[in-house]
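*Asks:* This is the structure I have questions about; it appears just below.
The values are calculated or read from the model by the stated rules, or taken from the named source; none is laboratory data. These numbers come from a predicted model, not from an experiment. All Cβ positions, even for glycine, are placed from backbone atoms using ideal geometry, and neighbour counts span all protein chains on display.
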Amino acid sequence: MTSQRKQKKIEKINKIGIFGGTFDPIHLGHLRAGEEIRRILEFQKVYFVPSAIPPHKKAEETTSPSDRLKMLELTLDSYPYFDISTYEIERATTSYTVDTLRHFTLKYPDIEFYFIVGSELFSHIETWNNFNDLFKLANFAVIERPGFPKQSTPSLPIAIKPDFRYYMNRDNVTIYSNQYSKKVVFTQIQGVRVSSTEIRQRLKAGKSIKDLVPHEVERYILTNGLYTGART
């Protein structure tokens, strides 16, 4: 399976963000976070990478990859700095970040990649598959979202703290670096306080999701009976 969107050649971009996730469904919080982090860290592009099977979920617990991909395509067509990679969906197996980063960095060795992740997930980095290898492959852009306590100087998780040294704190950005010249960059965003879980719960309860997801996504969900048990 490949995305039908017309993509620019990745070889012409030298600094991009990788935004992984289930995107079940994609919502305005994802879009706002991606745009804010792109501007702050000056990414030329942000690639959304929908997972096939998230490590913490079974395949039957998520909406089909084809539906999630379609909702991303409907949404991102109007965002010139966003694009989609179907790498994880094409693999059709459990999606581990380490495999995805290895794929990108081996295929495009001259590009500086930043994996975008929320601070709440990053704080448990030691539970990720082969987590030590992650920081040999790419940089991490750690975003603090609405609803989570803000720290004046964010600290690294204990599991990786010995491998990094403090580098710089400037303009709402705190940077640590390691021996492989990879960085962990912390920054705070305004964001939109919404989650995919909340959207699915509202749909099951027969409530509106207007203003939580793009209009195209809302229409696709309702037309196809997603998340309500009324799939047509």
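*Asks:* If a residue must be surrounded by fewer than 22 Cβ atoms within 10 Å (Cβ to Cβ) and touching a helix residue (DSSP H, G or I) at 6+ places or on another chain (Cβ under 8 Å), how many such residues does region 38-54 contain?
*Replies:* Qualifying residue count, region 38-54: 3.
*Asks:* When you go through (1) free of Cβ contacts under 8 Å to residues at least 24 places away in the same chain; (2) more than 24 Å from Lys45 (Cβ to Cβ); (3) touching a helix residue (DSSP H, G or I) at 6+ places or on another chain (Cβ under 9 Å) one by one for Lys107, which number turns out not to apply?
*Replies:* (2)
*Asks:* Oh, and also: For region 112-133, which positions are of a type in the set (A, V, I, L, M) and either in contact with a strand residue (DSSP E or B) (Cβ under 8 Å, 6 or more places away or on another chain) or without any contact (Cβ under 8 Å) to a residue 24 or more places away in the chain (or both)?
*Replies:* Kept after step one, since they are of a type in the set (A, V, I, L, M), are these residues of region 112-133: 116-117, 121, 125.
Correct list: Ile116, Val117, Leu121.
*Asks:* Residue by residue through region 117-172, note down the ones that are in contact with a helix residue (DSSP H, G or I) (Cβ under 6 Å, 6 or more places away or on another chain), at pLDDT 95 or above and either under 17 Å from Glu36 (Cα atoms) or among the β-branched types (Val, Ile, Thr) (or both).
*Replies:* Result: Ile125, Ala141, Val142.
*Asks:* Now, a different point. If only one of Val192, Val217 is of a type in the set (A, V, I, L, M, F, W, C) and in a loop (DSSP other than H, G, I, E, B), which one is it? Let's see the steps before the verdict.
*Replies:* Details: Val217 fails: in a loop (DSSP other than H, G, I, E, B).
Answer to the selection: Val192.
*Asks:* For region 112-143, enumerate the residues that are out of contact with any Phe, Trp or Tyr (no Cβ under 6 Å at 6 or more places or on another chain) and of a type in the set (Val, Ile, Thr).
*Replies:* Of everything in region 112-143, those that are out of contact with any Phe, Trp or Tyr (no Cβ under 6 Å at 6 or more places or on another chain) and of a type in the set (Val, Ile, Thr) turn out to be Val117, Thr127, Ile143.
*Asks:* If you go through region 173-219 one residue at a time, how many are without any contact (Cβ under 8 Å) to a residue 12 or more places away in the chain, surrounded by 14 or more Cβ atoms within 10 Å (Cβ to Cβ) and more than 30 Å from Asp133 (Cα to Cα)?
*Replies:* 2
*Asks:* Just a yes or no: is a residue in region 137-155 part of a loop (DSSP other than H, G, I, E, B), surrounded by 13 or more Cβ atoms within 10 Å (Cβ to Cβ) and in contact with a Pro (Cβ under 6 Å, 6 or more places away or on another chain)?
*Replies:* Going through region 137-155, the residues part of a loop (DSSP other than H, G, I, E, B) turn out to be 138, 145-155.
If we keep only those that are surrounded by 13 or more Cβ atoms within 10 Å (Cβ to Cβ) as well, we get 138, 145-146, 148, 154.
Add one more test, that the residue is in contact with a Pro (Cβ under 6 Å, 6 or more places away or on another chain), and what stays is none.
No, because not a single residue in region 137-155 is part of a loop (DSSP other than H, G, I, E, B), surrounded by 13 or more Cβ atoms within 10 Å (Cβ to Cβ) and in contact with a Pro (Cβ under 6 Å, 6 or more places away or on another chain).
*Asks:* OK, next. Which of the residues belonging to region 43-88 are polar (S, T, N, Q) and closer than 17 Å to Arg200 by Cα? Full working, then the answer.
*Replies:* If we filter region 43-88 for residues that are polar (S, T, N, Q), which is where we start, we get 44, 51, 62-64, 66, 75, 78, 85-86.
Correct list: Thr62, Thr63, Ser64.
*Asks:* Of all the residues that make up region 221-232, how many are surrounded by 19 or more Cβ atoms within 10 Å (Cβ to Cβ) and assigned to a helix (DSSP H, G or I)? Break it down into steps so the answer makes sense when it comes.
*Replies:* If we filter region 221-232 for residues that are surrounded by 19 or more Cβ atoms within 10 Å (Cβ to Cβ), which is where we start, we get 221, 226-227.
Restricting the remaining residues to those that are assigned to a helix (DSSP H, G or I) gives 221.
Qualifying residue count, region 221-232: 1.
*Asks:* Being surrounded by fewer than 17 Cβ atoms within 10 Å (Cβ to Cβ), of a type in the set (Ser, Thr, Tyr) and assigned to a helix (DSSP H, G or I) is the filter here, so list the residues in region 79-121 that pass it.
*Replies:* Thr105
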